[in-house]
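Trainee: Below is one structure. I have some questions about it.
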């Protein structure tokens with residue numbers, strides 16, 4: 001259980017790092033995107049509750065680590081290929097439905113929801129690769 005926790009924590013930290021790198025890239029590509037976050041539907045960054053925002057990838061990493069540990073025997077390629085496959089499966093199960101529910105439920109710009117979806121895909125791939133590398137299938 002300790003290994004699942006530590007590997008999941010590593011995956012979560014990797015996702016936080018990737019997200020921190022992607023945010024300025026998306027802001028540069030889509031200059032109006034930042035203005036979309038000024039919508040009153042979002043909490044301001046100076047609200048202490050916003051610190052919980054950074055727990056999302058950690059919690060996701062821990063959950064995915066548990067799932068990876070239970071399913072890793074189903075993957076028989078290299079660690080990187082296994083991680084990519086696992087990440088794609090996660091994205092199909094979670095990312096695509098999340099896109100659909102966000103797009104259909106929130107009156108937010110499509111580009112905002114698309115960037116969230118792209119980040120979800122990249123997060124899944126990164127987490128999958130970290131999990132497969134640090135907790136190899138045997």
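Trainee: Helix 110-134 against the longest principal axis of the chain: what's the angle in degrees, Cα atoms only, rounded to the nearest 10?
Mentor: Helix 110-134 sits roughly 20 degrees off the main axis of the chain.
Trainee: Run the quick spin-label model on residue 50 and residue 106: label points 7 Å from Cα toward the beta carbon, then report their separation in nm to one decimal.
Mentor: Placing both labels 7 Å along Cα→Cβ, they lie 1.5 nm apart.
Trainee: Suppose we keep just the alpha-carbon trace of the stretch 76-138; what are its Rg and Dmax in angstrom?
Mentor: 13.8, 46
Trainee: Note the angle between two axes, namely the Cα long axis of helix 2-29 and the longest principal axis of the Cα atoms of the chain, as a number of degrees from 0 to 90, rounded to the nearest 10.
Mentor: The two axes meet at around 40 degrees.
Trainee: Roughly how many Å is it from the Cα centre of the stretch 68-113 to that of the stretch 1-50, as a whole number?
Mentor: 17 Å
Trainee: Any idea what % of Cα-Cα pairs in the stretch 2-134 are farther than 24 Å?
Mentor: Beyond 24 Å sits 33 percent of the P(r) for the stretch 2-134.
Trainee: Using 0.36 nm per residue of separation minus the Cα-Cα distance, give me the extension gain between residue 58 and residue 38 in nm, one decimal.
Mentor: Length gained, residue 58 through residue 38: 4.7 nm.
Trainee: Angle between the Cα long axis of helix 96-105 and the longest principal axis of the chain, 0 to 90 degrees, nearest 10?
Mentor: 20 degrees
Trainee: Let me ask you something else. Can you tell me which of 109-115, 44-50, 83-89 comes out highest on packing, and rank the rest after it, using the mean Cβ neighbours within 10 Å?
Mentor: Put in order of decreasing packing, that is 83-89, 109-115, 44-50.
Trainee: Fewest Cβ neighbours within 10 Å first, please rank 32, 69 accordingly.
Mentor: Lowest to highest Cβ neighbour count: 32, 69.
Trainee: Further question: Note down the nm distance, to one decimal, between modelled labels 7 Å out along Cα→Cβ at residue 13 and at residue 29.
Mentor: Taking the two extended label points, one gets 2.7 nm.
Trainee: For the chain, modelled as a GNM with alpha-carbon contacts under 10 angstrom, which of 53, 99, 66 fluctuates the most?
Mentor: In this elastic network of the chain, the residue with the biggest mean-square fluctuation among 53, 99, 66 is 53.
Trainee: With the chain treated as a Gaussian network of Cα nodes joined by springs under 10 Å, which of 59, 28, 14 yields the largest mean-square fluctuation?
Mentor: 28
Trainee: Given a 10 angstrom Cα cut-off, can you work out which residue in 104, 78, 65 is the most mobile in a GNM of the chain?
Mentor: 104
Values in this text are rule-based calculations from the coordinates and carry no lab data. Please read all numbers here as calculations on a predicted model, not as lab measurements. A quick note on method: Cβ atoms are made from the backbone with ideal geometry, for glycine too, and the neighbour counts reach across all protein chains shown.
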